[in-house]
Amino acid sequence: MSLIDSVSRVTAPKLPRVDGLIPWIVPLAIILIWQLACVTGFVPSRVLPAPTDVALAGWKLLLSGELIKNIWVSFWRASIGFLIGGSIGFAFGLANGLSKLSSQLTDTTLQMVRNIPHLALIPLVILWFGIDESAKLFLVALGVFFPIYLNTLHGIRTVDPQLIEMGRIYGMTDGELFRRVIFPGALPSIFVGLRFALGIMWLTLIVAETIAASSGLGYMAMQAREFMLIDVVVLSILIYALLGKLADSASRALERLTLSWHPAFQKQ
Amino acid sequence: MQQALRFQPVDADPVDRSEFIEQARQLRRGSEGAARGLSLTIRDLRKSFGDNEVLRGIDLHIPAGQFVAIVGRSGCGKSTLLRLIAGLEKATAGSIAFSEEVRAQDVRVMFQEPRLLPWARVLSNVEVGLGRDRASADAQARAERALLEVGLGDKRGQWPSVLSGGQKQRVALARALVSRPRVLAFDEPLGALDALTRISMQQMLERVWRDQGFTAMLVTHDVAEAVALAERVLVIEDGRIAEDFAVDLPRPRRRGSAELAALEGTILKHLLEGSEETSDL
Ligand SMILES: Nc1ncnc2c1ncn2[C@@H]1O[C@H](COP(=O)(O)OP(=O)(O)OP(=O)(O)O)[C@@H](O)[C@H]1O
Ligand SMILES: [Mg+2]
């Protein structure tokens, strides 16, 4: 007993730090090899600039304020588009999961629209909105809509019917039943949709900004290409990766917070 | 008081205590009139699912506070009967009448699955059992008392996923008890538990039934369980009550005693004969 105690006391504070570092070993190693390959001239800098050059380019853009401005614009588009598409998708998911009439009315239509890749609409969207903000918001919202809709719907439909019956037996009103049984039951599935949607959000935004924009990260990358600033192009790509990771971490943290009851989140 | 206790002879102590507990129980039953059982009368109750005639005329009177066990082969309609009594299904014909006007929280059911909300802590799960009284000021205190009654006071803050099967079922029992029901229907509540847990749960059921005096209906596959707990064992066959055994044995009953075994044998024989008849058809 005391032996086990002392062992765990010695190792416990160490382990989490090591565990936290492990996922970063591979990215760090890649950067290191990349740097070596560039410095030794194995990879010409016209093909791929060294990480230090990319960092330098980032530093310059940061000082000029351009980088912050573009990141902010992209971030703003992503969040507004996500909020619009996500809330409409969530609302339809709820409505069609809870009401048979609503589901009969709209589900088939939505399933049909789902099969059109939303990026195929880019030419049409440019014709409609020009390269205005609304074009990007529309595309992001459309891309985000479906994963949220489908997973909310699925989550609600698969809530354990025995629990719903239990709620009714114990006199829950419709509102209580939703708040205490249906919504918490659907939450894990809604989070799956959320994570999918975040991925699609960035993807859509990159494509839309590359094709039709006058600001934002995608635009910055396209401009840089025209002036052959390959370090800025690589920088933009890395920032996208970082933002994507950030969004994913945020949704995971939210998940841990709200799904603490779930056996999968009870590690200790 | 303490003095008096200290000078009592050692062997007198347990007798006195059990007497005292019995008195307290009587007092409690008396003071909480609302918690006493309801009698119920079922007349020519029928239930069909499509062409499948499950119940074909059940006639039954259960006096207030009686403990009735219902046995019968799988699929004979035991669960259906309980669900009808609990108001979860509508009868095709016939009537179920309680001796008094019942409120929703007067009749409770406990199922084989605990049906706890995985995302609510143990205490909140018990509070669910209060029905419309959930919002009242003493809701939490009542839920805590119910948890103590099933011996799980220390688990109030746990998630259901960390409890054992027997503990989950005890939480479900606390949830059913918290509204002080006057009729409590059990649909094989112990069916999924191991033998030892089963026996201690049976003792707990017997204890709360004696404490609270509700009318109890227990559906079970286990005839030994039926005769150990019930005052009366009903056998359902072909959608009717085929047999009605009285179990006039004093409590606490000793498991494995000759009388219990004899009665169990009689009932089992009856059940087996019934199944042979149908398999011959
Ligand atoms: N909702 C339903 N719809 C159609 N048929 C049903 C329904 N519920 C029960 N039945 C049928 O009613 C019959 C009796 O079912 P019930 O669940 O009451 O049996 P039981 O005696 O509880 O059996 P077991 O001991 O296996 O639990 C079965 O034939 C079953 O198929
Ligand atoms: Mg059954």
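Computed from the coordinates by the stated procedures, all read-outs in this text should not be read as laboratory data. This structure is a prediction, so every number in the text was calculated from the model and none was measured. Neighbour counts are summed over all protein chains in view; Cβ atoms, including those assigned to glycine, are modelled from backbone coordinates with ideal geometry.
Counted by neighbouring Cβ atoms within 10 Å, the residues A:Y240, A:Y170 run from fewest to most as A:Y240, A:Y170. Taking other Cβ atoms within 10 Å as a rough exposure proxy, B:V171, A:V26 sort from fewest to most as A:V26, B:V171. Taking each residue as 0.36 nm, the span from A:I131 to A:V192 lengthens on full extension beyond its C-alpha to C-alpha distance by 18.8 nm. The mean sequence separation of alpha-carbon pairs under 8 Å and at least six residues apart, normalised by the residue count of chain A, gives a relative contact order of 21 percent.
Placing +1 on the Cβ of every Lys and Arg and -1 on the Cβ of every Asp and Glu, with no other charges, gives chain A a dipole of roughly 400 debye about its Cα centre. If you take all other residues with their beta carbon under 12 Å from the beta carbon of B:A104, and give Lys and Arg +1 and Asp and Glu -1, the sum is +2.
For region B:217-234, the residues whose backbone nitrogen is under 18 Å from a point 7 Å from the Cα of B:L268, taken along Cα to Cβ, are B:220-230, B:233-234. Backbone geometry of region B:167-184 corresponds, through the Karplus equation with coefficients 6.51, -1.76 and 1.60 at θ = phi - 60°, to 3J(HN,Hα) couplings of 5, 4, 5, 5, 4, 4, 5, 4, 5, 6, 7, 5, 8, 6, x, 9, 9, 10 Hz, x marking Gly and Pro. Annotation: extensible slack from A:L63 through A:D160 equals 29.4 nm (criterion: 0.36 nm per residue apart, minus Cα-Cα distance). Once Rh is set to the Kirkwood radius over Cα pairs, what Stokes-Einstein translational diffusion coefficient, in µm²/s, holds for chain A at a temperature of 10 °C and a viscosity of 1.306 mPa s? Value of D from the Cα-based Kirkwood radius: 72 µm²/s.
Sorting B:W209, A:W128 from the fewest to the most surrounding beta carbons within 10 angstrom yields A:W128, B:W209. Note on A:L238 and A:S87: with the Förster distance fixed at 30 Å, the Cβ-Cβ geometry gives a FRET efficiency of about 0.45. Each Lys and Arg Cβ is given +1 and each Asp and Glu Cβ -1; about its Cα centre, the protein assembly as shown then shows a dipole of about 1540 debye.
Within the shell of other residues whose beta carbon sits under 15 angstrom from the beta carbon of B:G151, the net charge comes to +2, with Lys and Arg scored +1 and Asp and Glu -1.
Among the lysines of the protein assembly as shown, pairs at least eight places apart or on separate chains and with Cα atoms under 27 Å apart come to 17. Largest GNM mean-square fluctuation across A:W34, A:W24, A:W59, computed for chain A with C-alpha springs under 10 Å, falls on A:W24. The slack between B:A258 and B:A141, meaning 0.36 nm per residue of separation minus the straight C-alpha distance, is 37.7 nm. The label point for A:L101 and the one for A:L119, both projected 7 Å from the Cα toward the Cβ, are 4.1 nm apart. For trypsin sites (Lys or Arg not before Pro), the sites in region A:169-268 that DSSP calls loop and that have at most 10 other Cβ atoms within 10 Å are A:K267. Using just its DSSP H runs of length 4 or more, each adding -39500 (n - 2.57), chain A gives a mean residue ellipticity at 222 nm of -26500 deg cm²/dmol after division by all residues.
Each Lys or Arg adds one and each Asp or Glu takes one away; over the other residues whose Cβ falls under 15 Å from the Cβ of A:T108, this sums to +1.
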